[in-house]
Every structure is written in C-alpha cells, then in structure tokens.
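S.K.: Okay, here's the structure, questions in a sec.
The values are calculated or read from the model by the stated rules, or taken from the named source; none is laboratory data. These figures come from a predicted structure and were not determined experimentally. Every residue, glycine among them, receives a Cβ derived from its backbone with ideal geometry; neighbour counts consider all protein chains shown.
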Amino acid sequence: MAGKVKWVTDIEKSVLINNFEKRGWIQVAENEDWNFYWMSVQTIRNVFSVETGYRLSDDQIVNHFPNHYELTRKDLMVKNIKRYRRELEKEGSPLAEKDENGKYIYLDFVPVTFMLPADYNLFVEEFRKNPSSTWIMKPCGKAQGKGIFLINKLSQIKKWSRDSKTSSYKLGFCRFCTVKYTPSTSELDNMFVHLTNVAIQKHGDDYNHIHGGKWTVSNLRLYLESTRGKEVTNKLFDEIHWIIVQSLKAVAPVMNNDKHCFECYGYDIIIDDKLKPWLIEVNASPSLTSSTANDRILKYNLINDTLNIAVPNGEIPDCKWNKSPPKEVLGNYEVLYDEEMAQSDGPDRDLRSRSGQSTGTKGGRARDSGKPILTTWK
Amino acid sequence: MLPFSFLVGYIGQNHLGNGSSVGFSPELCLNCSPRAGRSLPGPRGEAAAPGAACPAAPHEQGTGYPCWGARGAQCPPPPPKKKPFGASELFSQEPFSTRPPGRRPPRSLRCLVTSPRAAVWRPKRSGPVPGAMLDPDSGLSLTIARIVRRLQGSSLHSQLERQARVSLHKPEIKLESLKEDIKDFLKTSGWEKKLQNAVYSELNVFPSPCHPAAPPEHMKEPLAYMRKAQGSWEKRILKSLNSMCTELSIPLAQKRPASEQKELLNKWNEMGTDEPDLSLFRPVYAPKDFLEVLMNLRNPNYENGEQPSFRNHLGLIQVPLKVKDIPELKEDFSELGLNTGQLGIDDSAQVPPEFFENEHVRVGQKVLAEQDSAAAQQYVRQGCPTALRADLWALILNISNQPEDILYYEQLKSNVIQYDLLVDSLIYKDVKLTASNDDYYFVFEDYLYQVLLCFSRDTSVLEHFTYSSATPPKSYIRGKLGIEEYAVFYPPNGVIPFHGFSMYVAPLCFLYHEPSKLYQIFREMYVRFFFRLHSISSHPSGIVSLCLLFETLLQTHLPQLFYHLREIGAQPLRISFKWMVRAFSGYLATDQLLLLWDRILGYNSLEILAVLAAAVFAFRAVNLMEVTSLAAAEAVLADLSTLKVMPLLQIFLFATVT
C-alpha cells in the first residue's frame, strides 16, 4: 500500500473527490494517518488551534496556511497592504513612488477603505466629500459575497465590472501562480446597475442556473481586446497580476512560512471604466460548489492543476521537495512570481515585471526559503 | 387588425428611412396617406431617385432562363462576381470593354502586396460570369447602370454633390481640365476610396443582373418550385402567427399609452430586468420544423423513385442542385491552404508570433489605414487579429456609423418606444430562451433587445427582399382585409423571428459596444448573409444548398460513416442542421466563431458552414462509428465549444486524401 496517498476532506465536493479518486488515492478518516487533507477554513482553525497543538509530519500536507486570514480578512488585508507600503516607503523603494497628487503610482490598487465602526468618522468625512459616489459594504468575517450591499446607488459611475479572479501560490511564498481561465462574475459595459443586479441575482429567484452569472476570463479578454484594443487589455491583465504579487508580498512577513501548506486563493477584483483593477478581497476558500456544467469542468481542472503542483506525480508528499514545479505540471497555472528566481534575477525585477516599466533599484524582499522547519502553531 | 394610427406611424417611419440616404424630410410623414404603404419595398432610394429602389428595372426583364431540361440541370442564379472596381470607372467615358475594371487591382492594394501569391491578387470568387448568356460587355454595362442608379439614391451621392458645390467656387477650377481635376480631387480628398467601397459593397450584396429577358422574380429565385415552396412555407408561418394572435387576443400592433412609453424609455438600457409573462408565447418555428419542410422539397421535373437507388440521394435533401466538390472548394478557399498563414492556427502558443502573427497584424493595420473594402475582404480570409476585427468587419460591410446613421437608429428606437408589436414578445421570448442562458452571451441580453426590437421596425430591411426568395408578410388595417391599398408589411421589416434568431446578433456584441454601430453591422450581416439561412432558395449560400453540400461531402468522403449513421436512423443532417441555420453561433466558443465568420465575410459565402459541419463529423468519426442511436450520436456532438475551427477546416479540405 506504500506509495498511495491517503486523503481526508471535510468538504464533500465532487470536483475534489473525483480528482483524488482519479489519482488512485485512498480515503481515510480524519483520526487515521493521512497525507493530504483538504479542509475548510473552520477546520484549520479548530484542528491547529493552540489547545490541540497538532504537529504535521514531513509527509503531510494541507490546503491552507493557518493564518491565511492575514490576507483573506478584508480588514487585515488592508492593514497589511498599508503597512507594506509604509515599509517600502521607509526603505526608499521605487515601488513606493507617488505622483504629484500624493497617490502611489504602483501600489494604489485597493479602493479607499474604511473599517466600520472604528473608522466611521473618517468615512463620513470622505462620504461627504464625494456625495455622488457609491460604496460597497462588506462584512469582515464573511465570504463569497454574503452580506454585501451597496449604499447610495444614485451614482453616475459608469462601466464598472466585477470580476473574481482565482489565483494561487504555493509553499514558502516563493512561487505565485494564477489560473489563466477562471470563474468570474462579470457584468461588463453598461451601468452600475449591473453590479447591483449580480448581487441581487445571486440571492434572488431569477438567478440563472445555466451560467450562474459567470463569464470566463477568456471571454472578458476577448471582449476587451475587441472593443478596447490589445494594449490596454494586456496592461489590465498585467496590473491584475501585479496586484496579486504585491498583495502576497504584503502579507509575506506575517504569514507562517510553512512547508506543509499550500493554498488556493480566490481574488476578487473590480475593474473600473478606465480599466484599472482594484483589489476588493481575497478568499481562502473559493467556492468549490459547481453551479453550472462549465463551472464543474473549470473547477475540476483547477483542483487537478492545483494538485499537480502541490503533490507532483500523486506521490506521498514530502515537504523537503523542491517546490519549483516543472513546466509540464503547471496546467493552466502560470507562474507570476518566483522568489528564488526573483532574487537571482537581480533587484529591479519587480518593477520590470510590471508591464515594461523599468526603473529603480531594489525591489524583491529577501525571504528565507531555506531548509524546511518542522513547525507547530501556538 | 391593425389600428390606423399604427399604420400612419409606420409610413412615417418609412419616409424617415429614406432620410437616411437623402437627408431627413420630416414633413413627408405628415402628408402620407395609407396608399403610400404600397411603396414600401424600396424605402431607401425612392424619395431621391425614382427607379433606384427597384434594381430589376423594366429593361432588365424579359423571357427568362431556361430553367429545366436534362435531369437535374439547374440554373442557380450566378453568384455575384466579385471584382474590385476602380471608382473612376464610374465617371470614365471610355468604353468599358476596352478596360475591364476587374483586371487592375485597386491602387491601394499594391502597397499591401507581401508575398508572391498576393502579387497576383484578385478577389476571385469563381462561378459563371454575370449573366452567363449575355455577352460580357452588356452584362457589365447592366451592372454598372444598376450601381449608378443605386448610388444616386445614397447619402454618399448627396455628400459628393454638396462637396462639388462647395468646390465649384474655388478659383483653381478650370473648365478645360475639369474632368482631370475632378479625378485628382476625388483621389486626393479620399472620396474615391469611399466611392470605391460603396461600389464594392453593391457588388457584394446584389446579385448580378439577370438576362434582360428574365422575369423579375428570377432575381429572387430562378427555380419555380423553390419559389412555390418558399411561398407555402411563408403561409404556414403566417398562419401560426395569426392563430397565436387570435388565441391570445393580442393585436399585431398597438400604440403604447404615454405612461408605458416613459417607462420603457427609462429602462431602455436594462430591458433584461423586465420579466414579462411569456409563458403563452411560443416561437413561431424552430430549425427542426424548417428541416422537415426542406426534406419534403421536390423538383417536379426530376423523377424521385420512392425506393432508394443509385439515382437518388441517400441524404435527407432530395432536390438536385449543383454543389461544389472538394477540388472546387479547395480552389475557392485556396487561402485556407496548408501553405498560407492562418489566424486560428498560426497564432497558437507553439508558433512564435514572429513567423506570421506580427506581420499579419501589421498588414491589417495598413489595410485599415487605407480604408479599402476590397483589400479588407481579401485580408480577413486569413483571419482577423482580435483587436482589429471590429474595424475590419465594418470596413468590409461599408458601415461607418455617420451621424445620420446614428440618427436613424435613434428613430427606430423612438418607434420601439411608441408602438408595441406582437413580435416584440417573440423577440423577448427568444432572447430569454437562447442568449440569456448562454455562457458566452448572457451579459449582452440588454443589447440584444435593443438591436432586435429596432431591427423589427427597420423598413430599410425590406430592400433585401428584392434578392431574397422570401416575401414580406402583409397585414391589413382593421376592416380592410384583402384591400391592397390598406396593406402594410408586418413586422415592418418583413422578418418574422424564429427560435434562435437572436444568436445572429449575440456574437457581434463582443465586437461593438455602441448600440448604433452594433445595430448597423447586424443589419448588414443579415441582409448579406443570414437571411439565406432560413429561406428556401437555390442560391449556393442558401440553406438548401448548404444542406446538400454537407450531405454530399459526407457521403463522398466518409461513406462508411454516412452509411452507418443513416442505418441507425441518425441522418447526419438532423444533427448539423441547427448548427448551419445559426451559422454555428451558440455552438462554438466565441473566439472560434469569430474566426469562422471572418471567412464568411472574406469569401462572401456561407458555404464554409457546410464544410465545417462535415469537418466536425470527420473529426468525431471514430466515436460516431460506435454509436447505435440518434440520441447517442447527438451526445457525441453535443459540445462543440472545445473545437478549433481552422485546423478542422484545413484538415478536411487540404490534408485529406481525396
């Protein structure tokens, strides 16, 4: 029986189970020996809490980082990105350059955000400054669009589109990947009404069960390239990649660098009428429920590609593996950022990777990606 | 059944339709009488140029083709001859026979020549010379006379006239060199290119004139039994529409109350949020019903034994029409060959863009800069780069979205706001049933309503009935049934939508985000191509010929597969018919569909649809040989969204041993 991966999951989704079974892996119970555990975010909180003091052995791998919430809770994400900017500024990094209006040129990708109720007074001040703008209200602890609502929809803001982008990166913050084609909830062109519509539709009766209001990123790309041209479209996608890389770098120092973990994040990005992407939030548990046929195919492939990277060849995992995946296993992932490569590549790679703007001096933050350490969380 | 106010409203619209070409004359709609309804067929031209509206002018009419004779001998209308036409020819005094306009590639193209192949450029569409029985000179002069007549009624003509008046007062104008000066001026000012494109567009859309002796209906369809079949099919559609009308006791048309007008205007951009109860409405017909009709088509001059024999066709289509074989198709579609660069193949990840893609994009930009329709049409045969497609298609279709075009669209819109038509509900229903459920197109739901509702009111669409085998249905105002003076076309554009109609518009939404431009592109695509997919005719791009071409290709090149499917009761055409009727829209992934439509525009022909349908069967042949029922065969071919169109076409046409 040696050589077969033993898996556990507490999310009974066919896209997961089919993928495990396809690899000939063996299902075991949670309290047995396992190699691979695809767990929900609740479980990782419980299982690896201070009380249990669970330790992972070399051949065990889980699909979350224990403190992923540094990135996936809206308030903490904003806090981390703000801190990241401040640090870069202190270092005098060219990344933190500002334009004449005092806005970051490269790091201004999170919309003006306030945490209520703490920031309420600041919010009201800002609200009054621009009475015609619309605000998206999102509860901090909830996921996948639950509890979202809009305020002041009298706005004249045109052409917003909503686009949830899935991305993932692996152990040790050294390689970040993004799925080329992903589920996205897009309402293009037309008015802001559409954003509202999507939000309503998701919970309403007229929700379409065939496509579920999801447009693929390849459709988005085809549409934008056809109507807006190739250059701006490429720029948009480069900027989205940039956001993903920068947001991950922002949380890198606070995240536990654990070799037993990988994680598949869902990025929620809004594109404005000037085709500038804005990071809204990051999800640690992108929905694996397949709402439509295409959804199922896409998500099955997503998990398939993810597993190929996290558990190459379907062998029993070993956290000492070299984590740079060979090209063949990437599937529909593309490597956005490889920290080891970034370091060997020279210091100004970060800026160059940003759609051809090459300036400046040092960028890449040195991270220890050396020997694996047996970690406990306490 | 039709309230009078509605009638007047439409006649007003009709005259405004004329306005798109000759400047608006709003006073006309005040004067109009119900009698004017009779003059609908040529709405664009008539106000400006009498006669321009009717391409089949008296001197072109006469005795007609000998249309039957030996078994299966057919005279399909000769396909339009597509040769580029120097604009100056129109003004030239030289006898046309001494310098056939087609011989010389347009000037603009010379600088586009990139390969030895292109150096002998000639947008060739083989086929009989126009009016095969005419001597070439008189055929040509008939064509020229018709084009001149048609252009006289166009907005281009009035623009030129205006420009001429302005230029008249310039001091440098000399009477002795006037002719040369005009030629030079046309060239330097860019008018020549516009004129050239207009002429080219006419040549593409209108069939070549028939023999002067041919009766006018031959322009629509030369074969009598086809005309008759189309006529009875139309009667059936109308009957179904009428019975729905009676059943639901809904009038064909009525004016909206002011409050409703206001409401509709307010939600014009979000009509999709409206959820009217349409459960009682059903599509007038679906492709399946239409296939049944085509299967029962027979040529009365041709003996069809009921027993299958070598003499009758083993497929579902039993009429003898001339369709192309692979060698002919190879010659026609020579640019799709293995040695020609091809978007859809040579832009894939494995091929570095330096080999083909970059150069192709560069040439495409040059074609656009030259604003030359003919060059654009030749160019798109190798596929359009995504970012250039919208402009290239507009150039080929000669759509420029001028202020008057936008105004025209706005008027159609206001007509939608004012009047409620029964067909609106059919359009709503169709969008809800098709595009709204489509992974690719649901985001464009609102656009589809806008375009399709305006389309139903557009009387300029009626013009295409001069060369379509179909005839627009008529309706009479209340109490005047059967009296010609009180007849109007219904719907105003003469086109009754069927199940899946909105899929003709949906893919275009990927290219154009301005509704008025989207609308014009769609209308032009419809009157050039799509109408042929749901009317019975012998035209090589007509659906009957496509079906026959598909069956013949399959029968000739995959006889085992064809025989197997036929034996298990899964006639291939039963599966492929819906693909072809919709021009594959909704079946292929959008990027692939657009690559396919590139070639439709490039070759000005729908035959590629039949070739692709056969190629899909060839591609899935191994799986299809294993099935034992129609349902299983349908399942094998249920999802075409992963197919790559260009490799399939190329393999089928050029890489198969024949």
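S.K.: Looking at segment B:624-631, can you tell me whether even one residue there is within 14 Å of chain A (Cβ to nearest Cβ) and either touching a helix residue (DSSP H, G or I) at 6+ places or on another chain (Cβ under 8 Å) or not in a helix (DSSP H, G or I) (or both)? Explain how you work it out, then say what you get.
M.R.: First pass over segment B:624-631, keeping only residues within 14 Å of chain A (Cβ to nearest Cβ): none.
No.
S.K.: In the list B:Leu426, B:Leu395, B:Leu388, B:Leu412, which residue meets the criterion of being farther than 30 Å from B:Thr340 by Cα, aliphatic (A, V, I, L, M) and modelled with pLDDT of 95 or more? I'd like the intermediate steps shown before the answer.
M.R.: On the way: B:Leu426 fails: modelled with pLDDT of 95 or more; B:Leu395 fails: farther than 30 Å from B:Thr340 by Cα; B:Leu388 fails: farther than 30 Å from B:Thr340 by Cα.
Testing whether each residue is farther than 30 Å from B:Thr340 by Cα, aliphatic (A, V, I, L, M) and modelled with pLDDT of 95 or more leaves just B:Leu412.
S.K.: Only one of (1) farther than 27 Å from B:Arg582 by Cβ; (2) within 14 Å of chain A (Cβ to nearest Cβ); (3) hydrophobic (A, V, I, L, M, F, W, C) is not met by B:Val488, so which one is it?
M.R.: (2)
S.K.: Oh, and also: I want to confirm something. Restricting to segment B:511-526 and keeping residues that are in a loop (DSSP other than H, G, I, E, B) and in contact (Cβ under 8 Å) with a residue 24 or more places away in the chain, which single residue is surrounded by the fewest Cβ atoms within 10 Å (Cβ to Cβ)? Even if it seems obvious, please write down each step before you answer.
M.R.: Our first condition is that a residue be in a loop (DSSP other than H, G, I, E, B); within segment B:511-526, this holds for B:511-514.
Okay, now just the ones that are also in contact (Cβ under 8 Å) with a residue 24 or more places away in the chain, so B:511-512, B:514.
Working: B:Leu511: 24, B:Tyr512: 23, B:Glu514: 12.
Here the residue is B:Glu514.
S.K.: Could we say that B:Ala615 is over 18 Å from the mean Cα position of the chain (by Cα) and outside any helix (DSSP H, G or I) here? I'd like the intermediate steps shown before the answer.
M.R.: Details: over 18 Å from the mean Cα position of the chain (by Cα): yes; outside any helix (DSSP H, G or I): no.
Spelling it out, it is not the case that B:Ala615 is over 18 Å from the mean Cα position of the chain (by Cα) and outside any helix (DSSP H, G or I).
S.K.: For segment B:436-446, give me each residue that is in contact with a helix residue (DSSP H, G or I) (Cβ under 7 Å, 6 or more places away or on another chain) and either more than 8 Å from chain A (Cβ to nearest Cβ) or of a type in the set (S, T, N, Q) (or both).
M.R.: B:Ser436, B:Tyr441, B:Phe444, B:Glu445
S.K.: Pull up segment B:378-407, narrow it to residues that are outside any helix (DSSP H, G or I) and either in contact (Cβ under 8 Å) with a residue 40 or more places away in the chain or within 12 Å of chain A (Cβ to nearest Cβ) (or both), then point me to the one that is surrounded by the most Cβ atoms within 10 Å (Cβ to Cβ). Even if it seems obvious, please write down each step before you answer.
M.R.: Keep residues of segment B:378-407 that are outside any helix (DSSP H, G or I), which gives B:383-385, B:397-402.
Then drop every residue that is not either in contact (Cβ under 8 Å) with a residue 40 or more places away in the chain or within 12 Å of chain A (Cβ to nearest Cβ) (or both), which leaves B:383-385, B:397-399, B:401-402.
Details: B:Gly383: 28, B:Cys384: 30, B:Pro385: 20, B:Leu397: 24, B:Asn398: 20, B:Ile399: 20, B:Asn401: 17, B:Gln402: 14.
Per the criteria, the residue is B:Cys384.
S.K.: Separate question: Counting just the residues of segment A:254-277 that are touching a helix residue (DSSP H, G or I) at 6+ places or on another chain (Cβ under 8 Å) and at pLDDT 80 or above, which one comes out nearest to the other protein chains (Cβ to nearest Cβ)?
M.R.: A:Leu275
S.K.: I'd like the full set of residues that are among the basic types (Lys, Arg) and under 20 Å from A:Pro111 (Cα atoms), limited to segment A:225-280. Walk me through how you get there before you give the answer.
M.R.: Filtering segment A:225-280 for residues among the basic types (Lys, Arg) gives A:228, A:230, A:235, A:249, A:259, A:274, A:276.
A:Lys235, A:Lys249, A:Lys274, A:Lys276, listed by residue number.
S.K.: Among the residues of segment B:550-590, what is the count of those that are in a helix (DSSP H, G or I) and over 19 Å from the mean Cα position of the chain (by Cα)?
M.R.: Filtering segment B:550-590 for residues in a helix (DSSP H, G or I) gives B:550-557, B:559-567, B:572-581, B:590.
When the remaining residues are screened for being over 19 Å from the mean Cα position of the chain (by Cα), the result is B:550-557, B:559-567, B:572-576, B:590.
Selection size over segment B:550-590: 23.
S.K.: Something else about it: For B:Pro276, work out the one condition from (1) in a helix (DSSP H, G or I); (2) within 14 Å of chain A (Cβ to nearest Cβ) it doesn't fulfil.
M.R.: With respect to (1) in a helix (DSSP H, G or I); (2) within 14 Å of chain A (Cβ to nearest Cβ), B:Pro276 is out only on (1).
S.K.: Out of all the residues in segment B:320-347, which are farther than 24 Å from B:Trp597 by Cβ, over 23 Å from the mean Cα position of the chain (by Cα) and either surrounded by fewer than 17 Cβ atoms within 10 Å (Cβ to Cβ) or at pLDDT 90 or above (or both)?
M.R.: Answer for segment B:320-347, where residues must be farther than 24 Å from B:Trp597 by Cβ, over 23 Å from the mean Cα position of the chain (by Cα) and either surrounded by fewer than 17 Cβ atoms within 10 Å (Cβ to Cβ) or at pLDDT 90 or above (or both): B:Asp325, B:Pro327.
S.K.: Give just the number: which of (1) more than 14 Å from chain A (Cβ to nearest Cβ); (2) part of a helix (DSSP H, G or I); (3) of a type in the set (A, V, I, L, M); (4) within 18 Å of the chain's Cα centre (by Cα) does B:Leu453 not satisfy?
M.R.: Result: B:Leu453 fails condition (4) only.
S.K.: How many residues does segment B:236-273 contain that are free of Cβ contacts under 8 Å to residues at least 60 places away in the same chain and within 14 Å of another protein chain (Cβ to nearest Cβ)?
M.R.: 3
S.K.: Pick out, from segment B:164-226, the helices (runs of 4 or more DSSP H) lying fully within it that include 2 or more residues that are in contact with a Ser or Thr (Cβ under 6 Å, 6 or more places away or on another chain).
M.R.: Output list reads B:191-205.
S.K.: Can you give me the number of residues within segment B:538-584 that are under 27 Å from B:Glu221 (Cα atoms) and charged (D, E, K, R)?
M.R.: 4
S.K.: Just checking, does segment A:77-95 include any residue being touching a strand residue (DSSP E or B) at 6+ places or on another chain (Cβ under 8 Å), in a loop (DSSP other than H, G, I, E, B) and in contact (Cβ under 8 Å) with a residue 12 or more places away in the chain?
M.R.: Looking for residues that are touching a strand residue (DSSP E or B) at 6+ places or on another chain (Cβ under 8 Å), in a loop (DSSP other than H, G, I, E, B) and in contact (Cβ under 8 Å) with a residue 12 or more places away in the chain, one finds none in segment A:77-95, hence no.
S.K.: When residues of segment B:424-444 are filtered for being buried (at least 24 other Cβ atoms within 10 Å of the Cβ) and part of a helix (DSSP H, G or I), how many remain? Break it down stepwise before answering.
M.R.: Taking segment B:424-444 and keeping what is buried (at least 24 other Cβ atoms within 10 Å of the Cβ), we get B:426, B:430-431, B:435, B:440-441, B:443-444.
This time we only want the ones that are part of a helix (DSSP H, G or I), so: B:426, B:430-431, B:435, B:443-444.
Qualifying residue count for the region: 6.
S.K.: Next question. Tell me, yes or no, whether segment B:635-643 has at least one residue that is farther than 30 Å from B:Val367 by Cα, of a type in the set (D, E, K, R) and surrounded by 22 or more Cβ atoms within 10 Å (Cβ to Cβ). Quick ask: steps written out before the conclusion?
M.R.: Within segment B:635-643, the subset farther than 30 Å from B:Val367 by Cα is B:635-642.
Add one more test, that the residue is of a type in the set (D, E, K, R), and what stays is B:639.
Right, trim to surrounded by 22 or more Cβ atoms within 10 Å (Cβ to Cβ) and you get none.
No, the conditions are met nowhere in segment B:635-643.
S.K.: Any residue in segment A:228-253 that is away from every other protein chain (no Cβ under 14 Å) and in a loop (DSSP other than H, G, I, E, B) sitting within a Cβ distance under 9 Å of a residue that is of a type in the set (D, E, K, R) and buried (at least 20 other Cβ atoms within 10 Å of the Cβ)? List the pairs, counting only those 6 or more apart or interchain.
M.R.: Note: pairs meeting the criteria are A:Ala252/A:Glu339.
S.K.: Got a number for residues in segment B:223-241 being under 20 Å from B:Pro300 (Cβ atoms) and buried (at least 18 other Cβ atoms within 10 Å of the Cβ)?
M.R.: Residues that pass the stated criteria total 8.
S.K.: Quick one: would you say B:Val488 is in contact with a Ser or Thr (Cβ under 9 Å, 6 or more places away or on another chain), in a helix (DSSP H, G or I), over 21 Å from B:Met525 (Cα atoms) and among the β-branched types (Val, Ile, Thr)?
M.R.: Values: in contact with a Ser or Thr (Cβ under 9 Å, 6 or more places away or on another chain): yes; in a helix (DSSP H, G or I): no; over 21 Å from B:Met525 (Cα atoms): yes; among the β-branched types (Val, Ile, Thr): yes.
Against the criterion (in contact with a Ser or Thr (Cβ under 9 Å, 6 or more places away or on another chain), in a helix (DSSP H, G or I), over 21 Å from B:Met525 (Cα atoms) and among the β-branched types (Val, Ile, Thr)), B:Val488 does not qualify.
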